[in-house]
Amino acid sequence: MARDYYEVLGVSKGASDDEIKKAYRKMAMKYHPDKNPGDKASEEKFKETAEAYSVLTDSQKRQMYDQFGHAGLKNNGFGGSSGFSGGGGFDPFDIFREVFSGGGGFSGFEDLFSGGGARRSRGGSRTGGDLKIRLALTLEDINEGVTKKVKIKRMDTCRACEGTGAKPGTSRITCPVCHGSGEIREMTRSLFGQMVNVRPCTNCLGEGSVAEQRCSTCEGNGRVKGIREISVQVPAGVSNGNYMTMNGEGNVGPRKGTRGDLIVIFDEKEHDIFIRNEDNIYVNLHISTAEAVLGTEVEIPTLNGRVKLTIPSGTQSAKMLRLKQKGIPHLHHHGRGDQIVRVQVDVPNNPGAPEKKLYKELLDVEKKRGAVVNRFSKIE
């Protein structure tokens with residue numbers, strides 16, 4: 001029997017994402033196979049902690065798990081995407097690498113609003129660092145596809161010195177320390193003979209030149225912090241964690257180098273009543289015992305307006321009814337997912353005298369016709 005995910009990580013049910021991540025890091029380090037070679041029990045615990053972390057840090061999976069437990073994940077399709085309950089494609093080492101490399105699958109990019117990290121291109125000029133932002137979207141946004149305006153902080157070329165870093169009216173000169181090479185070579189002796197250690201020049205930061213007099217606006221950096229408003233066109237059907245790259249919208253490189261990119265990561269907000277699983281939408285529908293027995297017709301909210309749904313007579317609690325093509329648009333092809341309506345039959349907690357009388361009469365009728373024969377069955 002699968003263990004409770006909160007118990008696996010040793011956290012409370014109300015634990016925050018940071019608390020869950022902290023607990024996972026501790027457990028993963030303890031049970032990592034490299035620290036416990038040949039220990040099958042530790043290997044299983046390592047996999048179990050990764051599985052628990054994957055579910056509890058995904059808002060959709062966590063909500064489904066909190067409501068329905070392991071069966072909710074398995075029966076509603078969450079298990080298939082990550083390989084839970086079957087191992088199909090789930091790699092606990094991917095989780096480990098993601099968490100310990102900085103998270104989010106973007107360990108190679110700079111932190112949000114970072115000003116450094118420039119890289120050289122083949123031509124010798126330096127490209128500015130990439131930026132990463134997170135854009136919150138509602139299910140309604142995702143359903144329709146929207147254009148969002150966002151303001152980003154980034155490094156721009158200094159207008160005063162036009163990116164040279166030198167005071168206007170002056171120029172850049174050859175670095176007197178490295179003599180224009182941008183490198184410092186140090187000779188050291190060892191048992192194996194002379195060795196050459198090459199490192200970037202700290203005086204010119206590897207550029208080979210320095211400002212004769214520094215620009216007072218950018219303090220010789222050639223770049224200043226700026227704010228830019230951009231429009232992000234979000235296609236319908238994106239998922240939580242999907243991202244898009246906007247070329248040339250990142251930090252400008254030193255000395256008028258080319259700009260880096262802007263990576264926009266989509267964060268799906270939790271909805272008041274809907275849960276999303278891939279492109280399907282799930283919602284609970286509460287009906288009375290009378291409606292369950294007799295059947296009824298109700299209006300169901302969807303992301304595209306309200307629609308009428310017929311509830312057949314004799315509907316049982318936990319019955320799933322499907323509204324075709326009422327889910328999220330498919331991102332890469334035509335069509336939509338479905339909306340799944342889960343029926344919850346509500347038994348009155350404190351019925352009044354008239355209701356009690358009717359229920360007593362109903363109970364007498366059921367007893368006479370033997371309505372309840374098999375009271376017990378195996379839990380599925």
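Whole Å is fine, so just give me how far the alpha carbon centre of the range 287-320 lies from that of the range 41-72. Rounded to whole Å, the Cα centres lie 31 Å apart. Put a dot 7 Å past the Cα of Glu270, heading toward its Cβ, do the same for Ile184, and the two dots end up 5.3 nm apart.
With R₀ fixed at 22 Å, the C-beta to C-beta distance from Ser216 to Ile173 puts the FRET efficiency at about 0.75.
Count Lys and Arg as plus one, Asp and Glu as minus one, and take only other residues whose Cβ is under 12 Å from that of Gln344; the net charge is then 0.
Phi-derived couplings, Karplus 6.51 cos²θ - 1.76 cosθ + 1.60 at θ = phi - 60°, listed residue by residue for the range 45-61: 5, 4, 5, 5, 5, 5, 5, 4, 4, 4, 6, 6, 9, 9, 4, 5, 5 Hz, with x used for Gly and Pro.
Here the simple spin-label model places points 7 Å from the Cα toward Cβ, and for Ile379 and Val293 these points are separated by 2.9 nm. Excluding same-chain neighbours fewer than eight residues apart, the lysines reachable from Lys45 by a Cα-Cα span under 17 Å are Lys21, Lys22, Lys26, Lys30, Lys35.
Straight-line cross-link reach from Lys326 at under 12 Å between alpha-carbon atoms covers these aspartates and glutamates, not counting any fewer than eight positions away in the same chain: Asp279, Asp338. Here the label points at Lys357 and Arg369, each 7 Å from Cα along the C-beta direction, are separated by 2.3 nm in the simple model. The structure shown yields Cα Rg over 2.2 N^0.38 Å, and of the options [x] 1.41; [y] 1.04; [z] 1.45 that calculated value carries the label [z]. Helices in the chain, meaning DSSP H runs of at least 4 residues, each add -39500 (n - 2.57). Divided by all residues, the mean residue ellipticity at 222 nm is -7500 deg cm²/dmol.
Sequence-ordered 3J(HN,Hα) estimates for the range 357-362 from the Karplus curve with 6.51, -1.76 and 1.60 and θ = phi - 60° stand at 5, 5, 5, 5, 5, 5 Hz, glycine and proline given as x.
Counting only DSSP beta bridges with both residues in the chain, the antiparallel share comes to about 75 percent. Take the Cβ atoms of Ser231 and Val347, set R0 to 51 Å, and the FRET efficiency comes out at 0.50. Report, in listed order, any pair from Lys132/Lys256; Lys61/Lys308; Lys132/Lys225 with a Cα-Cα distance greater than 23 Å. Pairs exceeding 23 Å: Lys61/Lys308.
Laboratory data are not the source of any read-out in this text; all were calculated from the coordinates shown. Keep in mind that this is a model prediction, so the values were computed, not measured. Neighbour counts run over all protein chains shown; Cβ positions are idealised from the backbone, glycine included.
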